1. Suppose we keep only residues that are surrounded by 15 or more Cβ atoms within 10 Å (Cβ to Cβ) and among the β-branched types (Val, Ile, Thr) within the stretch 73-110. Which one would you say is farthest from ILE179 (Cα to Cα)?
2. For the stretch 112-210, please list each of the strands (runs of 3 or more DSSP E) lying entirely inside it that holds at least 1 residues being over 28 Å from SER41 (Cβ atoms) and out of contact with any Phe, Trp or Tyr (no Cβ under 9 Å at 6 or more places or on another chain).
3. List every residue pair whose Cβ atoms lie under 7 Å apart, where the two residues are 6 or more positions apart in sequence or sit on different chains, the first residue falls within the stretch 87-110 and is more than 22 Å from SER140 (Cβ to Cβ), and the second residue, located anywhere, is of a type in the set (Asp, Glu).
4. Just give me the residues in the stretch 111-150 being closer than 18 Å to ASP89 by Cα, open to solvent by 50 Å² or more (accessible area, probe 1.4 Å) and in contact (Cβ under 8 Å) with a residue 60 or more places away in the chain, in sequence order.
5. With respect to VAL70, determine if the residue is assigned to a strand (DSSP E or B), open to solvent by 30 Å² or more (accessible area, probe 1.4 Å), among the β-branched types (Val, Ile, Thr) and within 22 Å of THR35 (Cβ to Cβ).
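The values are calculated or read from the model by the stated rules, or taken from the named source; none is laboratory data. From a predicted model like this one, the values you see are computed outputs, not experimental measurements. With ideal geometry, Cβ positions are generated from the backbone for all residues, glycine too; neighbour counts draw on all protein chains shown. With ligands, DNA and RNA removed, areas are computed over all heavy atoms of the protein, side chains included. Shrake-Rupley method; radii C 1.70, N 1.55, O 1.52, S 1.80 Å.
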Amino acid sequence: MKRLSTIAVGLLLVACTGLWHLPQASGQADAGWVTLFDGSSLDNWSPIGDANWKLADGVVVADKGNGFLVSKNSYTDFQIRAEFWVDDDANSGIFIRCTDPAKINAENAYEVNIWDDRPAKDYATGAIVNIAKVDPMPKSVGKWNVYEIIAKGGTFTVVLNGQKTVDGANDAKHAGGRIALQHGLGNKDAAGVVNDKGVVKFRKVEVKKL
């Protein structure tokens, strides 16, 4: 009897150990994250401007025009994870705390830039325009990238593909606002014509309130 009790206790301990080391369910591991875009619906976004956004092959893509997809909700302190792809001609960005959802720019929002070919490289891809410079600029063209952006109070952190490009930058102009995805105007050609035809794709956008 005593031996049977010892065996039973041993089996119980093994079972508990196995349960302890089981991986968390995906819902628990991603607790607090809300999917704003999953490749299939733009229900959480409102377009402004004339960019030709469309859903195709599990992404939202634009290759002409100047405009934004603007989140329907506002956010104050949060973390963003976004997957994006751009070509050589693209000018894009993720604008956060947009205070005027009808007219978005780097003055009434924070622009986390996606523009490798920006003439002034210190505020190119990986930077927050007019707030936090980037050096060296990471390359994003022609591949899928992951942006992680944290805004908490007046402090901002940006990570691109695991590389921290902005580390604790501070600014207090905008306390909260919408999130916006950009297809913008590029550089001028030799004739002075502004390029508006770069390809911008977003595959997934998630946000977590802090």
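1. Here the answer is VAL86.
2. Values: elements: 145-152, 155-160, 163-170, 178-183, 200-209.
Answer list for the stretch 112-210: 155-160, 163-170.
3. ASN108/ASP100
4. ASP117, PRO119, TRP144
5. Details: assigned to a strand (DSSP E or B): yes; open to solvent by 30 Å² or more (accessible area, probe 1.4 Å): no; among the β-branched types (Val, Ile, Thr): yes; within 22 Å of THR35 (Cβ to Cβ): yes.
Judged against the criteria, VAL70 is not a match.
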